[in-house]
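Bear in mind that the values in this text are calculations on the coordinates, not laboratory data. From a predicted model like this one, the values you see are computed outputs, not experimental measurements. Here Cβ is always computed from backbone atoms with ideal geometry, including for glycine, and neighbour counts include all displayed protein chains.
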């Protein structure tokens, strides 16, 4: 196993956490502005990915292995989420003929 | 490897992750969004390996970039992707409000985690081995691991029952 670290002084925890938070915020922005159901699911994956980057960043703190294990758990959760979400998207497509979330008005009171 | 090269690799991969994220959010065709997300996920796995989380990096390629993205592209092809282009764009005010919300979220999360930055400015010297992580998964986190397998089973059953035409 190659030992790649330390990354020297110029890359600190703040950089990596900042990257993860930026990816999370980009996913949140996409979730607010996009209207295709499948693209919305992709934005959720992007947010999960940002959270994973932050977890890996904090696993570099001395003596913390646990966050890397949580990242591996998050992969399984994300896979289950994508499976069910895409099945729902396919069902909605088959029933309504569209994936535009503005067309989903059946739950409106 | 020289520190300069490591830093260059870190900033290159970070730029790739951000560019892919921007493409996922901004591109119009869902298939292009999916390919952009795939690019992001691959760059992220490179970042994990660079940061010493090797197992997470390789699993990211296999599970995320492999299985989950294949599922996404399959769903896009099953549902026909061109209808997304007919949707009129959102009003500018709404876009600006969403952008301000995302920027606020970024500022809030950075502010909330800022007090940890002083504590661990330097990165830990040793990457953690696969054996250590396996010891944790099958030791301290064994109940959670078993629950997770139940969750995945429920996910499989739910996906099949939801998408099937006739039971």
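A few remarks follow.
- Binning the alpha carbon pair distances of the range A:13-97 at 10 angstrom intervals from zero yields the distribution 18, 39, 28, 11, 3, 0, expressed in whole percent.
- Footprinting exposure proxy for A:53, A:16 (fewest neighbouring C-beta atoms within 10 Å first): A:16, A:53
- Stretch gain in nm, segment residue B:140-residue B:7, where the contour uses 0.36 nm per residue and the Cα spacing is subtracted: 44.4 nm
- Two-site FRET efficiency, residue A:105 against residue B:70, from Cβ-Cβ distance with R₀ of 30 Å, rounded to 0.05: 0.40
- Fewest-first sequence of B:41, B:148, B:90 by Cβ atoms within 10 Å of each Cβ: B:90, B:148, B:41
- Computed per residue of chain B from DSSP H runs no shorter than four, each worth -39500 (n - 2.57), the mean residue ellipticity at 222 nm is -24000 deg cm²/dmol.
- Other protein chain C-beta atoms within 10 Å of residue C-beta, averaged over B:93-102: 3.
- Volume of the convex hull of chain B (Cα atoms only), normalised per residue: 186 Å³.
- In terms of its alpha-carbon gyration tensor, the range B:7-71 comes out oblate; a/c meets the 1.5 threshold, while b/c is at least as large as a/b.
- For the range A:13-29, backbone nitrogen atoms closer than 20 Å to the point 7 Å from residue B:107 Cα along Cα-to-C-beta are found at A:15, A:17-29.
- The residues B:32, B:64, when put in order of fewest to most other Cβ atoms within 10 Å, stand as B:32, B:64.
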